[in-house]
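The values are calculated or read from the model by the stated rules, or taken from the named source; none is laboratory data. Please read these numbers as outputs of a predicted model, since none were measured by experiment. So basically every Cβ, Gly included, is an ideal-geometry build from the backbone, and we count neighbours across all protein chains shown.
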Amino acid sequence: MQLWVWRGIRIELPEDWEMLQFSRSAQAGRCAWADRYQFRAELSWQAVNGPLDMKRLASDYLAKLRLDGTMPDAAPARVGDWHGLRRHDGEQAVSRFSRYLALVTGKEDRLKAGLRTEGCLVELVLLWPGELETALEASILGSVGAEPGGAGGLRRWRAFGLDALASDGLDMVECVVQPALARLVFRDARGTRSETFERLGMLPQWLHGSVGEWLRRQLPHDVEVQVAQASCLCRQAGGHEVEVVEGLRRGGLFRGPTRYAAAAWLCPRDGRLYHVSISGPSVAANARQGLSCCEGMTLGG
Amino acid sequence: MLSAQPVPNAAAETVREASGELAVAVRRKRPRWHVPPLSWVVPLKPTRTVRLDPLGAQVWALCDGERTVEAIVDAFAVEHGLSFHEARVAVTGYLSQLVQRGALAVAMKEG
């Protein structure tokens with residue numbers, strides 16, 4: 001099973017299910033995963049102002065379906081805290097469950113959504129070509145939960161091979177997923193702090209030179225390099241050779257200089273290039289700690 | 001779609017160019033209007049050439065008329081260390097270009 005963490009919600013899904021659709025909104029959105037043949041799971045969320053009576057919501061929904069006659073074979077089901085129904089749709093079985101989830105969202109997200117509490121209504125729809133796999137269904141439902149916030153208000157995101165810690169109060173402004181490229185960009189409302197996490201593949205096709213040279217080419221034009229630490233072997237990071245650049249970004253007419261830190265390395269396990277860059281008034285000394293590629297590379301450590 | 005078999009156009013000719021690109025030349029059908037005296041003043045190339053970068057050339061080489069799209073995606077994914085969906089996006093992109101330009105046809109299984 002593979003762990004995904006998106007918008008503070010964690011879920012474990014089979015290894016071959018990949019996220020093909022996603023929403024960036026904190027208030028309401030959905031993510032959908034597919035195996036190689038069809039969509040298999042859809043997780044949707046809606047921010048709410050406190051716990052809901054899920055039992056009543058589920059029974060009302062089922063009664064409405066029966067009244068409409070749209071899903072006459074829908075059978076009520078309950079798995080742990082999840083209330084829902086199971087039914088057959090042509091040749092496939094469908095499980096539809098929902099529950100209230102107390103989220104550990106950032107304060108900024110809550111304020112933006114006008115919420116007093118930190119919770120959301122989560123709905124999970126699973127599609128089963130052929131027979132419904134009850135054990136897998138229970139395992140997936142049991143894995144859904146709120147991802148605890150990290151030290152210093154850091155929030156974890158784990159998707160597309162990236163396992164990243166983004167600062168609280170930053171919005172995800174960009175999520176690019178292409179063959180051999182996954183990029184998550186977070187920025188605050190004023191644009192003073194930005195954090196970028198990248199995972200790049202197919203290196204023989206485009207990486208001509210060392211990782212350090214590549215990292216220097218990624219520097220914004222206004223960065224004055226202060227520390228360029230090449231080939232710093234981090235033994236505690238599973239033998240990953242991390243290239244680090246730290247510098248100062250020149251200020252503008254109405255803004256002072258800001259700090260810049262970036263790190264890049266090749267993961268020997270999957271052969272991909274990982275890159276993290278942070279710029280803002282205060283930047284942690286080790287930008288590498290915000291991104292992990294495998295078990296050998298501790299997140300935040 | 002994944003069970004479809006891309007079949008190269010039998011009339012296509014491939015040439016490896018000096019730049020490393022693979023050129024696939026496909027004979028084009030002469031348009032009905034291309035007759036004398038118009039054909040004397042409007043020259044038309046008898047072939048249409050598709051130039052493939054090294055990745056496109058790999059996909060072309062995998063299209064042997066036997067492999068399915070799924071098998072091609074799997075082979076491409078293994079070759080480049082990509083996930084199935086990453087490789088699927090890249091491979092189907094190349095395949096659709098090749099089909100549009102007449103270099104490939106796609107055979108679908110019945111049923």
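Only one of the numbered conditions (1) more than 14 Å from chain B (Cβ to nearest Cβ); (2) more than 23 Å from A:GLN2 (Cβ to Cβ); (3) outside any loop (DSSP other than H, G, I, E, B); (4) not basic (Lys, Arg) is not met by A:GLY209, and that is (3). If you go through region A:3-21 and keep only what is within 13 Å of another protein chain (Cβ to nearest Cβ) and either surrounded by 16 or more Cβ atoms within 10 Å (Cβ to Cβ) or under 12 Å from A:SER139 (Cβ atoms) (or both), you end up with A:PRO14, A:TRP17, A:GLU18, A:MET19. If you go through region B:30-37 one residue at a time, do you hit one that is surrounded by fewer than 18 Cβ atoms within 10 Å (Cβ to Cβ), aliphatic (A, V, I, L, M) and either closer than 16 Å to B:PRO6 by Cα or touching a strand residue (DSSP E or B) at 6+ places or on another chain (Cβ under 8 Å) (or both)? No, region B:30-37 has no match at all.
I'd like to know if region A:171-182 contains one or more residues that are out of contact with any Leu (no Cβ under 8 Å at 6 or more places or on another chain), charged (D, E, K, R) and not in a strand (DSSP E or B). Taking every residue of region A:171-182 in turn, none turns out to be out of contact with any Leu (no Cβ under 8 Å at 6 or more places or on another chain), charged (D, E, K, R) and not in a strand (DSSP E or B). Restricting the first member to region A:197-219 and to residues that are more than 19 Å from A:HIS240 (Cα to Cα), and the second to residues that are of a type in the set (Gly, Ala, Ser) and in a helix (DSSP H, G or I), no beta-carbon pair is closer than 7 Å while six or more apart or on different chains. Residue pairs whose Cβ atoms lie under 7 Å apart, sitting 6 or more positions apart in sequence or on different chains, and linking a residue in region B:74-87 that is among the polar types (S, T, N, Q) to a partner that is assigned to a helix (DSSP H, G or I), are B:SER83/B:ALA77.
Considering region B:1-20, and only residues there that are farther than 17 Å from B:ALA103 by Cα and within 14 Å of chain A (Cβ to nearest Cβ), the residue that is modelled with the lowest pLDDT turns out to be B:GLY20.
Among the numbered conditions (1) more than 23 Å from the chain's Cα centre (by Cα); (2) of a type in the set (A, V, I, L, M, F, W, C); (3) modelled with pLDDT of 95 or more, the only one that A:ALA34 does not meet is (1). Only one of the numbered conditions (1) surrounded by 14 or more Cβ atoms within 10 Å (Cβ to Cβ); (2) modelled with pLDDT under 85; (3) aliphatic (A, V, I, L, M) is not met by A:ILE278, and that is (2). Close Cβ contacts (under 7 Å, 6 or more residues apart or on different chains) running from residues in region A:34-53 that are more than 14 Å from chain B (Cβ to nearest Cβ) to residues that are at pLDDT below 95 and in a loop (DSSP other than H, G, I, E, B) comprise A:TRP45/A:ARG7; A:ALA47/A:ALA26; A:ALA47/A:GLN27; A:ALA47/A:LEU115; A:ASN49/A:LEU115; A:ASN49/A:ARG116; A:ASN49/A:THR117; A:GLY50/A:THR117.
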